[in-house]
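These notes concern the structure reproduced below.
The values are calculated or read from the model by the stated rules, or taken from the named source; none is laboratory data. Because the structure is predicted, anything quoted here is derived from the model rather than measured. Heads up, the Cβs are rebuilt from the backbone with ideal geometry, glycines too, and the neighbour counts pull from every protein chain shown. These accessible areas exclude ligands, DNA and RNA; they are computed on the full protein's heavy atoms, side chains included. Shrake-Rupley method; radii C 1.70, N 1.55, O 1.52, S 1.80 Å.
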Amino acid sequence: MKEKEIKNLLNKMTLEEKIGQMVQVAGDIFLTDDINVETGPLKNLELSNEQLYQVGSILNVMGAERVKKVQDEYLSKSRLKIPLLFMDDVINGYKIAFPIPIAQGCSWSIDVIKKIAEISAMESNIAGANVNFSPMVDLSRDARWGRVMESIGGEDPYLGQVYGKAIVETYQGKDLKKLGNVASTVKHIAAYGAAEAGRDYNTVDMSEREFRQYYLPAYKAAIEANAEMVMTSFNILNGIPATINRWLIQDLLRKELGFKGIVISDYGAIEETIIHGISEDEKHAALNAINAGVDIDMMSRIYANYLKDLCLESKEIEEKVNESVLRILNLKNKLGLFENPYGNSNIEKEKTYIMSKENLEETKKLVEETFVLLKNKDNILPLNANKKIALIGPYADNTAITGSWSMFSDRKKNTTILEALKRKVKDENLLYSKGTEILRIEEINRILKADGLQTLENKNEKEEEKQMLQQAKNIAKESDIILLALGEHYRQSGEACSRSNIGLPKNQIKLIEELHKLGKPIIMILFNGRPLELSSVERKLDGILEVWFPGTMGAEAIIDVLLGNTNPSGKLTMSFPQNVGQCPIYYNHYNTGRPHNYEGRYLSRYQDIPTKSFYPFGYGLSYSKFEYRNLKLDKTKIKEDEKIKVSFEVENKSDYEGYEIVQMYIKDLFGSVVRPVKELKDFKKIYFKKHEIKKIDFEITLDMLKFWNEKLNFQAEKGEFKVYVGGNSTEVLEEKFVLE
Ligand code: NOJ
């Protein structure tokens, strides 16, 4: 449609029809036999059937056939035949479940991130998605927060920027009509990851400098990459819920960042502003949200039921509604929905493309790059396939390894570690025992109950656990090496999955302790959605491979890495704490006046644990051993228009070829405001042959030295800086330079 035709369409719409465009509902209702919103499963929404056939978009209906059914049903009763938009939570893939976002980030590879985005976009687009609700670029410093698993950049603003941009550009391409392209939604605006004490949905209060320096950059990069949509967050930001925060949406997003796309609330978030204690009632909530600039109300009745009166009372509000509707119609137009309401959904292509053999093979390689080798005492890994292995643990023969957001993927079809290992080692070299469940029944039932699911019953839990432990010990005794597949339940991370205890479940710790007594080497394969507290068990383990929730091809990838067919190369994007009391912990912190790097009494420390993290940001081992040396700067003094070339050598001192992720950090030694002890400014992922030596270069530019100064201007200040290079944020070479 031409721009003029869109405007004509807008003019033809009744006020009710316009408001309908600004409402999003879960679309399953259109798939039921008795489509009645007044009595059906959505009755709490308190919409009328007439309003249902005026909504503008649908949440989480996927599959070409289903999408067609919903669209046809809707259009058959819609006066102006404006097609629905289909928006979906494609977080780590559609049918192919990829590693959860925090794991993807640990690849430190834009190519990996782009390839995952490309396959996710193509699979979901063929299945009818017009809009994906990702990337999630919320900076995450607190491992108690369950949603760190969704954070693509972890605790680092630079990673959030480069990854967020890569995903948006890959999803959207140059033409949204093209097969395989979907509109992208950056979320959650803003600073959702800074929820106090890591408790989901909790208060966020921070200085504007802190916000701009750390939290904003990733959202900004995604917006500058032309993301079509942003989603507001549930939290209050400096006293005002993000969803009705005019400074955030109007001043910052629209005016300062020039965001022209659609702002969607998170699920029911407009309504929640009443509970926050700002909106006095539903009508007031609608007024606050439209005034702030929310275009679409996700899953609440607020816009549907109150915007009309507000428009009748005020021309200004009606104008705002017109602007929002125009944005929504424009997106539908960009997607080509007026010409073809089914978009690129295609039943035939679903059969050939989705879960295709080529993509699954490619996926396995991508997954391998997301694993982080945390410990490898005496080079216990790679495994010697001729040794006798006891594979033990609740994740050893478990298909639930795709994480809590992969709701479209069929986890029952996944291969388990046991199955994958059987294909690679001789039968007589492999023994298996479950050892224990993931959680005790009481614990899992608490979670299932909260999710409204059927709870489990087992009166013999104690006895069965005892037997499982005994069996595990028996097979361990007969083996040379113990491979333990442990971790969090997938329902322990994700939305509303904050935890005050971030250790392994007690029953699993007991399993480690009992097996450790046998004196055999133990390697743990760790499944989890957040940095865990490992300090109490680490000493009892010889190897630890962090695999997060690795997705559909996870098991095959794990086995190839364990057997040394692939060299692990991932590095952490979030620091692991010594224990939960240390959260939030992150590498790019400020110095106190009393840092804990010297002996003394009145220091900024905990008396009972080291001040440093357990595993630092950027950390991850490889089967190769890399040595860094000869750091040189081509200049040590620069003017504002000059750059510094940083060069150094890295040697692979091993017989394994593999990737190393080389990292460059900068510290501004003195500023008008306190500057972080280190900030990541660039990185490269480089492949090394056995014993290869490579010269590596980075460039320091003025932009890397800028920060939000005392007057809240984004500028570099003259003076001394340090540059660090290394394979993680703590083991580095350093040099000084001066900006004159
Ligand atoms: C709530 C979550 O916060 C958000 O990330 C998600 O996209 C929406 N629900 C839709 O399911």
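Filter the range 283-305 for residues that are within 16 Å of the ligand (Cβ to nearest atom) and open to solvent by 10 Å² or more (accessible area, probe 1.4 Å) and give the result.
Across the range 283-305, the qualifying residue is only Met299.
Within the range 498-508, does at least one residue satisfy the condition of being in a strand (DSSP E or B), under 14 Å from Ile438 (Cα atoms) and touching a helix residue (DSSP H, G or I) at 6+ places or on another chain (Cβ under 9 Å)?
The answer is yes; a qualifying residue exists.
Would the range 454-475 turn up any residue that is in a loop (DSSP other than H, G, I, E, B), away from the ligand (no atom under 16 Å from the Cβ) and within 21 Å of Ala557 (Cβ to Cβ)?
No: the range 454-475 contains no residue that is in a loop (DSSP other than H, G, I, E, B), away from the ligand (no atom under 16 Å from the Cβ) and within 21 Å of Ala557 (Cβ to Cβ).
Would it be correct to say that Lys718 is under 23 Å from Tyr586 (Cα atoms) and surrounded by fewer than 17 Cβ atoms within 10 Å (Cβ to Cβ)?
Numbers: under 23 Å from Tyr586 (Cα atoms): no; surrounded by fewer than 17 Cβ atoms within 10 Å (Cβ to Cβ): yes.
Judged against the criteria, Lys718 is not a match.
Residues in the range 45-53: is at least one acidic (Asp, Glu), within 27 Å of Gly261 (Cα to Cα), more than 16 Å from the ligand (Cβ to nearest atom) and open to solvent by 30 Å² or more (accessible area, probe 1.4 Å)?
For the range 45-53, residues acidic (Asp, Glu), within 27 Å of Gly261 (Cα to Cα), more than 16 Å from the ligand (Cβ to nearest atom) and open to solvent by 30 Å² or more (accessible area, probe 1.4 Å): absent.
Find the residue count for the range 119-151, including only residues that are more than 13 Å from the ligand (Cβ to nearest atom), farther than 19 Å from Tyr353 by Cα and assigned to a loop (DSSP other than H, G, I, E, B).
Of the range 119-151, the ones more than 13 Å from the ligand (Cβ to nearest atom) are 119-128, 130, 139-144, 148.
Those left that are additionally farther than 19 Å from Tyr353 by Cα: 139-144, 148.
Still in the list and also assigned to a loop (DSSP other than H, G, I, E, B): 139-144.
Total satisfying the criteria: 6.
Table: residues versus (1) hydrophobic (A, V, I, L, M, F, W, C); (2) in a strand (DSSP E or B); (3) open to solvent by 10 Å² or more (accessible area, probe 1.4 Å).
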| site | (1), (2), (3) |
| --- | --- |
| Asp641 | no, no, yes |
| Phe648 | yes, yes, no |
| Ile666 | yes, yes, no |
| Arg675 | no, no, yes |
| Ile686 | yes, yes, yes |
| Lys690 | no, no, yes |
| Asp703 | no, no, yes |
| Ser729 | no, no, no |
| Glu735 | no, yes, yes |
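Which members of the range 86-118 meet the condition of being within 16 Å of the ligand (Cβ to nearest atom) and surrounded by fewer than 24 Cβ atoms within 10 Å (Cβ to Cβ)? Let's see the steps before the verdict.
Our first condition is that a residue be within 16 Å of the ligand (Cβ to nearest atom); within the range 86-118, this holds for 86-94, 100-102.
The answer is Asp89, and nothing else.
What are the residues in the range 333-359 that are part of a helix (DSSP H, G or I) and either free of Cβ contacts under 8 Å to residues at least 12 places away in the same chain or touching a helix residue (DSSP H, G or I) at 6+ places or on another chain (Cβ under 9 Å) (or both), if any?
Just the residues of the range 333-359 that are part of a helix (DSSP H, G or I), to begin with: 333-334, 347-353, 357-359.
Answer for the range 333-359, where residues must be part of a helix (DSSP H, G or I) and either free of Cβ contacts under 8 Å to residues at least 12 places away in the same chain or touching a helix residue (DSSP H, G or I) at 6+ places or on another chain (Cβ under 9 Å) (or both): Asn333, Ile347, Glu348, Lys349, Glu350, Lys351, Thr352, Tyr353, Lys357, Glu358, Asn359.
Which of the residues that make up the range 158-174 are assigned to a helix (DSSP H, G or I), open to solvent by 40 Å² or more (accessible area, probe 1.4 Å) and not aromatic (Phe, Trp, Tyr)?
If the condition is that a residue be assigned to a helix (DSSP H, G or I), open to solvent by 40 Å² or more (accessible area, probe 1.4 Å) and not aromatic (Phe, Trp, Tyr), then Gln161, Lys165, Glu169 are the ones that fit.
Does any residue in the range 238-257 that is closer than 16 Å to Gly277 by Cα come within less than 6 Å, Cβ to Cβ, of a residue that is crowded, with 21+ Cβ neighbours inside 10 Å and among the β-branched types (Val, Ile, Thr) six or more places away or on a different chain, and which pairs are these?
Within 6 Å, the pairs are Pro241/Thr273; Ala242/Thr232; Thr243/Thr232; Thr243/Ile270; Ile244/Thr273.
For the range 195-220, name all the residues that are in a helix (DSSP H, G or I), farther than 17 Å from Tyr158 by Cα and touching a helix residue (DSSP H, G or I) at 6+ places or on another chain (Cβ under 9 Å). Let's see the steps before the verdict.
Looking only at the range 195-220, we keep the residues that are in a helix (DSSP H, G or I), and these are 196-198, 208-220.
Narrowing the set further to residues that are farther than 17 Å from Tyr158 by Cα leaves 196-198, 208.
Passing the criteria: only Gly198.
Determine whether the range 185-192 contains at least one residue that is within 14 Å of the ligand (Cβ to nearest atom), crowded, with 23+ Cβ neighbours inside 10 Å and polar (S, T, N, Q).
yes
Report, ordered by the first and then the second residue, all pairs with beta carbons closer than 6 Å, sequence separation of six or more or different chains, a first member in the range 507-521 that is over 13 Å from Ile392 (Cα atoms) and aromatic (Phe, Trp, Tyr), and a second member that is open to solvent by 40 Å² or more (accessible area, probe 1.4 Å) and assigned to a helix (DSSP H, G or I).
Correct list of pairs: empty, since none qualify.
For the range 561-584, indicate whether the set of residues that are in contact with a Pro (Cβ under 8 Å, 6 or more places away or on another chain) and part of a helix (DSSP H, G or I) is non-empty.
Scanning the range 561-584 turns up at least one residue that is in contact with a Pro (Cβ under 8 Å, 6 or more places away or on another chain) and part of a helix (DSSP H, G or I).
Tally up the residues in the range 313-341 that are loosely packed, with under 13 Cβ neighbours inside 10 Å and in contact with a Pro (Cβ under 8 Å, 6 or more places away or on another chain), please.
The total comes to 0.
Within the range 14-37, track down each residue that is touching a Lys or Arg at 6+ places or on another chain (Cβ under 9 Å), aliphatic (A, V, I, L, M), farther than 13 Å from Asn305 by Cα and open to solvent by less than 20 Å² (accessible area, probe 1.4 Å).
Once the filter is applied, which keeps residues that are touching a Lys or Arg at 6+ places or on another chain (Cβ under 9 Å), aliphatic (A, V, I, L, M), farther than 13 Å from Asn305 by Cα and open to solvent by less than 20 Å² (accessible area, probe 1.4 Å), the range 14-37 yields only Val37.
Could you grab the pairs with beta carbons closer than 7 Å, sequence gap of 6+ or different chains, first residue in the range 456-479 and of a type in the set (A, V, I, L, M), second one open to solvent by less than 90 Å² (accessible area, probe 1.4 Å) and part of a loop (DSSP other than H, G, I, E, B)?
So the pair list comes out as Met468/Lys434; Met468/Gly435; Met468/Thr436; Leu469/Gly435; Leu469/Thr436; Ala472/Gly435; Ala476/Leu518; Ala476/Lys520.
Quick one: how many residues across the range 405-437 are of a type in the set (Ser, Thr, Tyr), closer than 26 Å to Gln467 by Cβ and part of a loop (DSSP other than H, G, I, E, B)?
Qualifying residue count, the range 405-437: 2.
When you scan the range 355-373, do you find a residue that is more than 30 Å from Gly564 (Cβ to Cβ) and open to solvent by 20 Å² or more (accessible area, probe 1.4 Å), even just one?
no
Thr203: among the β-branched types (Val, Ile, Thr), closer than 17 Å to Arg147 by Cβ and within 15 Å of the ligand (Cβ to nearest atom), yes or no? Spell out how you get there, then give the answer.
Values: among the β-branched types (Val, Ile, Thr): yes; closer than 17 Å to Arg147 by Cβ: yes; within 15 Å of the ligand (Cβ to nearest atom): no.
So Thr203 does not fit the description; no.
Please tell me if Asp266 is within 16 Å of the ligand (Cβ to nearest atom) and part of a strand (DSSP E or B).
no
If Leu329 satisfies all but one of (1) assigned to a helix (DSSP H, G or I); (2) within 27 Å of the chain's Cα centre (by Cα), what's the number of the condition it fails?
(2)
Which of the residues belonging to the range 54-83 are within 16 Å of the ligand (Cβ to nearest atom) and either surrounded by fewer than 19 Cβ atoms within 10 Å (Cβ to Cβ) or of a type in the set (A, V, I, L, M, F, W, C) (or both)?
Residues satisfying the conditions are Val55, Ile58, Leu59, Asn60, Val61, Met62.
Return a yes/no flag: does the range 244-252 have any residue that is within 16 Å of the ligand (Cβ to nearest atom) and either in a strand (DSSP E or B) or surrounded by fewer than 22 Cβ atoms within 10 Å (Cβ to Cβ) (or both). Can you show your working first?
Filtering the range 244-252 for residues within 16 Å of the ligand (Cβ to nearest atom) gives none.
The answer is no; no qualifying residue exists.
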